[in-house]
Amino acid sequence: MDSYTALSEVYDKLMYDVDYDSWASYVISLLPEECKRIAETACGTGSITLRLAAEGYSVTASDKSPEMLDIASKNARKYGLKPRFICQDMVKLSLPFQHAIICCCDGVNYLTKDEDMLSFFKGAYSSLKEGGRLLFDISSYHKISEVLKDNFFYDDEEDVTVFWQNSFDECSKCVTMSLTFFKRLNGNNYFREDEEHIQRGYKIDEILGALKSAGFSQCRSVRFLTLDDATDSDERIQFIAQK
């Protein structure tokens, strides 16, 4: 049960410490030289989308959350950018003739079943032109099972406070994140919303094996924001797969 209604309204405020400029520059450095058309899956509120569009790429960005896409569209209009937004589940990806497909910030972790992960990889393979690349990052199994695990986090901002309680299940390799938001209405009045998110931890070999099963012949895992070979002890891992 993954709902994004409550999170979408405050997502950008809670991600204030993320360096999206460096993230987008890193993604661009991994793109094929001839890249012109990019499809982004699980685009959220469009933080990476808009930066790619501003660099002149033709971007089609998709997400299964209408609420996230609504905010992404508003952000695009605010900056005078015109990426194409569509509501589409990444498990059913179908956006042909792309030079690259990207997925940033844990999109693959939300695919909690092996068959869903493989379906996404197959859809990406079919949507790419020959020589095109699939680029995505994950929170590693180490991060899911050790850093997040059964821990409690909170973030107290001026207009929103979030409490985040995790519960990790070793059998499913999934962490359930129970989020409680208190959003300021006016003065000292707040509105409470609760939301649950589930992410699965994958090890490097599991991902690489699924990519090869989907048809990709050149696959690599690197430590996020570098080109150094990744290890399962890294917290964020970038994957690069070429058709």
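Listed peptides 99-112, 200-213 appear in the order 99-112, 200-213 once ranked by packing, highest mean of other Cβ atoms within 10 Å at the front. Within the straight-line cut-off of under 16 Å between alpha carbons, the aspartates and glutamates reachable from Lys82 are Glu40, Glu55, Asp70, sequence neighbours fewer than 8 places apart in one chain being disregarded. At the listed q of 0.16, 0.33 Å⁻¹, the Debye profile of segment 46-89, built from one uniform point per Cα, gives log10 I(q)/I(0) equal to -0.34, -1.26. Bridges between two residues of the chain, per DSSP, are antiparallel at a rate of about 70%. Computed from the C-beta positions of Asp159 and Arg192 and an R0 of 22 Å, the FRET efficiency is 0.95 to the nearest 0.05. Checking every one of the trypsin sites (Lys or Arg not before Pro) in segment 1-108 against DSSP loop status and a limit of 16 other Cβ atoms within 10 Å picks out Lys36. In segment 124-228, the convex hull through the Cα atoms has an average projected area of 9.7 nm², a quarter of its surface area.
A Cβ-based charge dipole, computed about the Cα centre of the chain with Lys and Arg at +1 and Asp and Glu at -1, lands at about 1140 debye.
The ellipsoid equivalent to the alpha-carbon distribution of the chain has semi-axes of 28, 23, 15 angstrom, derived from the gyration tensor eigenvalues as √(5λ) and listed largest first.
Length available on full extension from Thr180 to Lys149: 0.36 nm per residue minus the Cα-Cα distance, which gives 9.4 nm. Selection among Ser145, Thr161, Ile28 by position relative to the dipole of the chain gives Ile28 as farthest towards the positive end (Cβ unit charges, Cα centre). Placing dummy labels 7 Å off each Cα toward the beta-carbon, the span from Thr226 to Asp89 is 3.8 nm.
Taking amide H positions as placed in the peptide plane 1.01 Å from N, state which residues far from Ser139 in sequence (5 or more) or on other chains have amide H under 5 Å from it. Residues meeting the criterion, in which the H sits 1.01 Å from N, are Asp106, Asn109.
Can you work out the Karplus-derived ³J(HN,Hα) for every residue in segment 59-75? Use 6.51 cos²θ - 1.76 cosθ + 1.60 with θ = phi - 60°, whole Hz, and x for glycine or proline. Per residue, the Karplus-derived 3J(HN,Hα) values read 10, 10, 10, 10, 7, 8, 9, x, 5, 4, 5, 4, 5, 4, 5, 5, 5 Hz. Taken over the Cα atoms of segment 8-109, the convex hull encloses 97 Å³ per residue. The local environment of Val222, defined by Cβ-Cβ distances under 12 Å, has a net charge of -1 under the rule Lys, Arg +1 and Asp, Glu -1. On the chain, 47 percent of the accessible area sits on carbon and sulfur atoms, based on a 1.4 Å probe.
In order along segment 101-107, phi translates into HN-Hα couplings of 10, 10, 8, 10, 6, 6, x Hz, rounded to whole numbers, per the Karplus curve 6.51 cos²θ - 1.76 cosθ + 1.60 with θ = phi - 60° and x for Gly and Pro. For segment 120-165, the C-alpha radius of gyration divided by 2.2 N^0.38 Å, with N the number of residues, is 1.90. So for segment 91-180, considering every pair of alpha-carbon atoms, how many percent are separated by more than 16 Å? Tail of the P(r) past 16 Å holds 64 percent of the pairs. Here the gap between Asp12 and Lys212, fully extended at 0.36 nm per residue and compared with their Cα-Cα distance, gives a gain of 68.5 nm. Once C-alpha pairs closer than 8 Å and six or more residues apart are averaged by separation and normalised to the residue number of segment 28-136, the relative contact order reads 30 percent. Each residue of segment 204-219 was assigned a 3J(HN,Hα) from its phi angle through the Karplus expression (A = 6.51, B = -1.76, C = 1.60, θ = phi - 60°), giving 4, 4, 5, 5, 4, x, 5, 4, 5, 5, 7, x, 6, 9, 10, 10 Hz with x at Gly and Pro. Could you check the simple spin-label distance between Lys36 and Tyr20, using points 7 Å along Cα→Cβ, in nm with one decimal? For Lys36 paired with Tyr20, the spin-label model returns 2.7 nm.
With a threshold of 31 Å on the Cα-Cα distance, the over-threshold entries among Lys74/Lys113; Lys78/Lys113; Lys13/Lys64 are Lys74/Lys113; Lys78/Lys113. The H on the amide N of Glu40, modeled in the peptide plane, is under 5 Å from the matching H of Thr60, Ala61, Ser62, Ile102, each at least 5 residues off or on a different chain. Shape analysis of segment 62-135 places it in the oblate category; the axes a ≥ b ≥ c from the Cα gyration tensor give an a/c of at least 1.5, with a/b not above b/c.
The values are calculated or read from the model by the stated rules, or taken from the named source; none is laboratory data. Remember, predicted model here, so these are calculated numbers, not experimental data. Heads up, the Cβs are rebuilt from the backbone with ideal geometry, glycines too, and the neighbour counts pull from every protein chain shown. Surface accessibility is based on the protein's heavy atoms, side chains included, excluding ligands, DNA and RNA. Shrake-Rupley method; radii C 1.70, N 1.55, O 1.52, S 1.80 Å.
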